[in-house]
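One structure below.
Readers should treat all values here as calculations from the given coordinates under stated rules, not as data from a laboratory. These numbers were taken from a predicted model, which means no experiment stands behind them. Neighbour counts run over all protein chains shown; Cβ positions are idealised from the backbone, glycine included.
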Amino acid sequence: MIQLINVTKIYNELKALDDVSFEITQGEIAFLVGPSGAGKSTIMRLLYREEKPTSGQVFVSNVDVSRLPNSQTPLLRRRMGIVFQDFKLLPNKTSYENVAYPLYAIGMDRNEIKKRVHGALKVVSLTNKANDFPKSLSGGERQRVGIARAIVQGPSLLIADEPTGNLDPVTSMEIFQLLERINQRGTTVIVATHNQQMVDQMRKRVINLINGRIISDVKTGTYTAQI
Amino acid sequence: MAYRMIYETAQDIWRGGWSNCVVISILTSVLLIFGFVLQVSFGLNVISQKLTDQMEFSIYLSGDVDIKNFALKIGKMPYVNRIEVIDKDIAWHEFKKNFTIDEDFQNPLPDTIHVRVSRSDYLKSTITAVRKMQGVIDINYAPGVLGFINKFRNFLQLIGAGIAILLAFVTVVITANTIHLVIHSRQNEIEVLRLMGVDDWYIRGPLILQGIFYAVLASTIAIVPLFTLHTFFWETAQNSIGSVLPTGLPQYSASNILRIYYILLVAGIIVSGSGCIWSTRKYLKI
C-alpha cells in the first residue's frame, strides 16, 4: 500500500528525512511518532504529494508519487483521505456541507452525495449535528466532521497528521478509537502523532522517528518503549 | 457542475465587495475610451471612403491634342466608369456668357475631361496611367480633404491607443489585486479542495469567470454612453450638415454599434482575463 525507499528530503540544507525506508501493507494501521521536527509531517506531505523527495522513491498503491505529473495529483488525492490537526473546516458551511463540498467539486450526483455524506456522518456518529456550523461544535466534533470529510470518497488510505494535537485526552481517545474503527472496515490508516498515552494504549504498529531517521519500527509497540 | 462553478463565481464576486466596483469602473473607462476611438475611426473611415467613392478627377489637355481621340482612349481604360468631355471652345463660350471679356482675349481654357472610376482603389493607378499619356498638362483631384481626415484619424488612433494601453495596464493590475484578495479570503477553502483531490480547473475556473463577468458588465455599461453619443452625433450631423455629408452614412451607424460592442467585449475579456490569469498564476498554489 505504502512504500518509502531510501527517501531523503532536504529543505534549504536542513535534512528533514535521512534515508528513510518502510512499508505499510493494505489494511494496516501505523503510528508515526517522534518529537517535533522528527520528520513525521514531512512523510505525510510526501504521501499526498504536497512535497517531492530530494532523493528516493515514495509508492502509494504501487504508484511512484514522487514522479507523478501534477495533472495526476488530484486523482491520487481522491483515493486517500487526509485529516488535519486544525480540522480545516469551512466556517460558513454546516457539517453536512463541509463533508459534501469536495464531492460537489468533483461533479458527483446530488443523490449520491446525500447518501455518502449521511453514511460518513453516521460513521463518526454526527448525524444529529449535520446542520450545525463548526462554531457550535466542540473540538472533538469538529475533528469528527474532518474525518467524515476524509472518508466520504471511500478512500483506501487515510492519512491523519496530528489529529489530536488540539484536543483533550478524553476526546483524543475517542478520535483514536474512531480511526481504529475505520481501519477495521478495511482502510489503511497512518497517523502522525506525538500523543504518547494514546499510542501506548492502541498497541499497534509504531514507527519511531528522530532527526529524520527511523530509530525503530515495531509491529505492536508503544511510544514510551521507543524513546 | 457548471451550476457549481457559477455558484462559486457568484460567491467570489460577493466576497469582493467594493473592489468589484473599482475594477468595473476602471474597466468601463478603458472600454469607453477604446470604444470612442473605434467609433470615431470607423466613422472617419466611412466618410473618407464615401468621399473617395464620389470623387472624380479632371484631365487638362494641351491645345495640340485631339480631345475626342483622347477621350476614346480614356474610355477604354480599365475601371473607368464614366467620362465627360468639355471642349475648350464650348467652355470659353459659356464662360464669356457670365463675364464681360474683350473679344481679342485669347481662350486660356484647356480641353478638359472629367473621369470617374468604378472603385476608389483604382483611382490612384488610373491617375498615374493618365499622367504618363502625351498631351496631359495637369490632373486635378481633391486629395486634401481625404488627407486631412486620414491624418486626423491616425492622430486620434495614436492618442486613443496610448491612453487605452495605459488604462488597460492599470485595469490588469487592479483586477489581479482583486482576485488576489479573493484567493486570500478563500485560502482555507482552496487548500481543502486541492487536498481532497479537486481538479485544478474547478479551483481556477470561478476566478477566471469572475474576470469574464467584469468584462461583460463593463462593456455593457460602456456601450450605453457610446450608443447615446453615436445617435446624438449622427442626428445632429444629419440635421445641420446633412446636405454636404456623403450618402449612406445613417445605415452604417446602426449596424456598427453592435460590432463595436463585440469588440469591446473581447477587449474587456482580454484585459480582465489577463489580470485573473496573472493573479492565479502568482498567488494560487495548486
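Assorted remarks:
- Calculated FRET efficiency for the pair A:S71/A:T127, C-beta based, R₀ 45 Å, to 0.05: 0.75
- Taking the Cα centre of the range A:89-154 as origin and assigning +1 to Lys and Arg Cβ atoms and -1 to Asp and Glu Cβ atoms, the resulting dipole is close to 80 debye.
- Relative intensity of the range A:25-66 on a log10 scale, I(q)/I(0) at q = 0.18, 0.25, 0.29, 0.32 Å⁻¹, equals -0.59, -0.99, -1.11, -1.15, per a Debye sum over C-alpha point scatterers of equal strength in the absence of solvent.
- Counting other Cβ atoms within 10 Å as a rough exposure proxy, the listed residues B:C21, B:C276 run B:C21, B:C276 from fewest neighbours to most.
- Angle between chain B longest axis and helix B:143-185 axis [Cα atoms, degrees, rounded to 10]: 0 degrees
- Neighbour-count order for B:K151, A:K114, A:K40, fewest beta carbons within 10 angstrom listed first: B:K151, A:K114, A:K40
- Take every Cα pair under 8 Å whose residues are at least 6 apart in sequence, average their separation, divide by the length of the range A:89-154, and the relative contact order is 48 percent.
- Seen from B:G197, the other residues with C-beta closer than 13 Å to its C-beta sum to a net charge of +2, counting Lys and Arg as +1 and Asp and Glu as -1.
- Chain B: most fluctuating residue of B:I179, B:I101, B:I86 per GNM, C-alpha cutoff 10 Å: B:I101
- Whether the range A:89-154 is rounded, prolate or oblate, judged on the alpha carbon gyration tensor where a/c under 1.5 counts as rounded: prolate
- With kT/(6 pi eta Rh) evaluated at 4 °C and eta = 1.567 mPa s, and Rh the Kirkwood radius from Cα pairs, chain B diffuses with a coefficient of 54 µm²/s according to Stokes-Einstein.
- Screening chain A for whole DSSP H helices with an alpha carbon extent of at least 15 angstrom along the helix axis and a mean Kyte-Doolittle hydropathy of at least 0.0 yields A:169-184.
- Summing +1 for each Lys or Arg and -1 for each Asp or Glu among the other residues whose beta-carbon sits under 15 angstrom from that of B:G63 gives -4.
- Normalised contact order of the range B:1-138, rounded percent, pairs of Cα under 8 Å and 6 or more residues apart: 30 percent
- Pairwise Cα inverse-distance average, inverted: Kirkwood Rh of the protein assembly as shown (Å): 29.8 Å
- Take every Cα pair under 8 Å whose residues are at least 6 apart in sequence, average their separation, divide by the length of chain B, and the relative contact order is 33 percent.
- Between the helical axis of B:18-54 and the longest alpha-carbon principal axis of chain B there is an angle of about 20 degrees.
- Note on B:F155 and B:R82: with the Förster distance fixed at 41 Å, the Cβ-Cβ geometry gives a FRET efficiency of about 0.70.
- Per-residue shielding of A:105-114, expressed as the average number of other chain Cβ atoms within 10 Å of the residue Cβ, stands at 3.
- Listed residues B:W201, B:W234, B:W92, most fluctuating in chain B (Gaussian network, C-alpha, under 10 Å): B:W92
- Prolate/oblate/rounded call for the range A:130-173, Cα gyration tensor, a/c under 1.5 rounded: oblate
- Given charges at beta-carbon only (K, R positive; D, E negative), |dipole| of chain A in Debye: 660 debye
- 0 to 90° range, to nearest 10: angle between helix B:2-16 axis and chain B longest Cα axis: 90 degrees
- Mean-square fluctuations from a GNM of chain A, with a 10 angstrom spring cutoff on Cα atoms, peak among A:I82, A:I190, A:I215 at A:I215.
- As a proxy for reagent exposure, B:D102, A:D168 were ordered by neighbouring Cβ count within 10 angstrom, fewest first; the result is B:D102, A:D168.
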